[in-house]
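What follows is a structure written as structure tokens; I'll ask about it next.
Quick note: the coordinates plus some simple rules give every number you see, no bench work behind them. Everything quoted here is computed from the prediction, not taken from an experiment. Heads up, the Cβs are rebuilt from the backbone with ideal geometry, glycines too, and the neighbour counts pull from every protein chain shown.
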Amino acid sequence: MRISFLDQIAKEGNIFTVEDVLKSTEIQRNVLWVILSRLEKKGWIERVEKGKYMIVPLGAEKGKYTLNEFIIASILVEPSCIAYWSALNFYGLTEQIPGTVFIQTTSRKKKRHIDIFGVHYRIIKLKEERIFGVRKEWINGEAINITDREKTIIDCLDKPQYCGGVVEVAKALKSESIDRKKLADYAGQIGNSGVMRRLGYLCDFLGVDISLPLIETRNYLLLDHSMPHKGSRNSKWRLVINLDERILGRLE
């Protein structure tokens, strides 16, 4: 059964859904569920989520093998894109290892928090126009979508709570691998003046050379809305600096 069934499925990758199999074979749905149940009991496949499975390599110990968490993330929702703290870590822009895999999507998903094989996944729904700057990466022969370096920084400034706070963004901004022109373009494209203001303030403070327009407004926003809502005011960027600037000054 393994040779005739799994080898055929594995041609498309190490992960599959029930619907994938129904489309590519002539197996009836009720028969397929029986086959999958038997394969799972034998330890030849593992259930990732309802109707979604991964193939366990021959010789792997039952319950001890799992795929890369980004590959699993890619099948939890369609479309999907690895983002925020997970992308920062992927590019080496933070030394922190997030305990959650962050996924962007335009789709509705009833469960936004999912735990699979000891890994926590957080699904964030965005409007279609806010998902851009996406590139493809290959991990263990499987394609995954991930935000590029510049979009990752912009997303983290948009939602600091998904990256460990603005301090993590400041670390990333000091990297020479960042395209500052693209970063400025993305800041305008995201459609959130708070992103432009946070980026402008951080670049000024860190001495990062970038060209950004000033935002004409009387309103003040928090530099990091995941932090306490009090601090000094920066009149140029109309921000409440609600974290200790000495922390930013000590960044290597």
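If I take R0 = 51 Å and measure r between the Cβ atoms of LYS230 and ILE139 in this structure, what FRET efficiency does the formula 1/(1 + (r/R0)^6) give, to the nearest 0.05? Don't skip to the end; give the middle numbers.
Numbers: r = 43 Å, r/R0 = 0.83.
After rounding to 0.05, the efficiency reads 0.75.
List, in order, the whole-Hz ³J(HN,Hα) value for each residue of region 49-56 obtained from phi through the Karplus relation with A = 6.51, B = -1.76, C = 1.60 and θ = phi - 60°; use x for Gly and Pro.
Each residue of region 49-56 in turn: 7, 3, x, 10, 9, 10, 8, 8 Hz.
List every residue whose amide H lies under 5 Å from the amide H of TRP237, counting only residues 5 or more places away in sequence or on a different chain, with H placed 1.01 Å from N in the peptide plane.
none
Further question on the same structure: Under the rule a/c < 1.5 gives rounded, and otherwise a/b versus b/c splits prolate from oblate, where does region 166-229 land using the Cα gyration tensor?
Because a/c hits 1.5 or more and a/b fails to exceed b/c, region 166-229 counts as oblate.
Then there's this: FRET efficiency for GLU26 and GLU49, Cβ-Cβ distance as r, R0 = 35 Å, nearest 0.05?
Calculated value: 0.90.
What is the sum of charges around CYS163, taking Lys and Arg as +1, Asp and Glu as -1, for the other residues whose C-beta is under 11 Å from the C-beta of CYS163?
-2
What is the gain in length, in nm to one decimal, between THR217 and LYS174 on full extension, counting 0.36 nm per residue of separation less the C-alpha to C-alpha distance?
Here the segment from THR217 to LYS174 would lengthen by 12.7 nm.
Let me ask something additional. Between ASP115 and LYS182, with labels modelled 7 Å along Cα→Cβ, what's the label distance in nm to one decimal, could you check?
My value for the distance between the label points is 3.7 nm.
For a footprinting-style exposure proxy, rank LEU214, LEU32 by other Cβ within 10 Å, fewest first.
If I rank by nearby Cβ atoms, fewest first, I get LEU214, LEU32.
Could you tell me which of rounded, prolate or oblate describes region 2-55, using a ≥ b ≥ c as the square roots of the eigenvalues of the alpha-carbon gyration tensor, with rounded for a/c under 1.5 and, failing that, prolate when a/b is larger than b/c and oblate otherwise?
rounded
Also: Return the distance in nm (one decimal) between the two label points of a simple spin-label model at ILE210 and GLU245, each offset 7 Å from Cα along Cα→Cβ.
Here the modelled spin labels are 1.8 nm apart.
Please identify the DSSP H helices in the chain that span no less than 15 Å along the helix axis (Cα) and have a mean Kyte-Doolittle hydropathy of -0.5 or more.
Both cut-offs are met by 29-41, 193-206.
What nm value, rounded to one decimal, do you get for the distance between GLU128 and ILE97 when each label is placed 7 Å out toward the C-beta?
3.9 nm
Could you tell me which label, among [x] 6, 20, 25, 22, 14, 6, 3, 2, 1, 0, 0; [y] 7, 28, 28, 18, 11, 7, 2; [z] 8, 34, 38, 18, 2, carries the value of P(r) over Cα pairs in 10 Å bins from 0, in percent calculated for this structure?
The value matching this structure is [y].
OK, next. Could you pull out every Cys in the chain that lacks a partner Cys with its beta carbon under 4.7 Å away?
CYS81, CYS203
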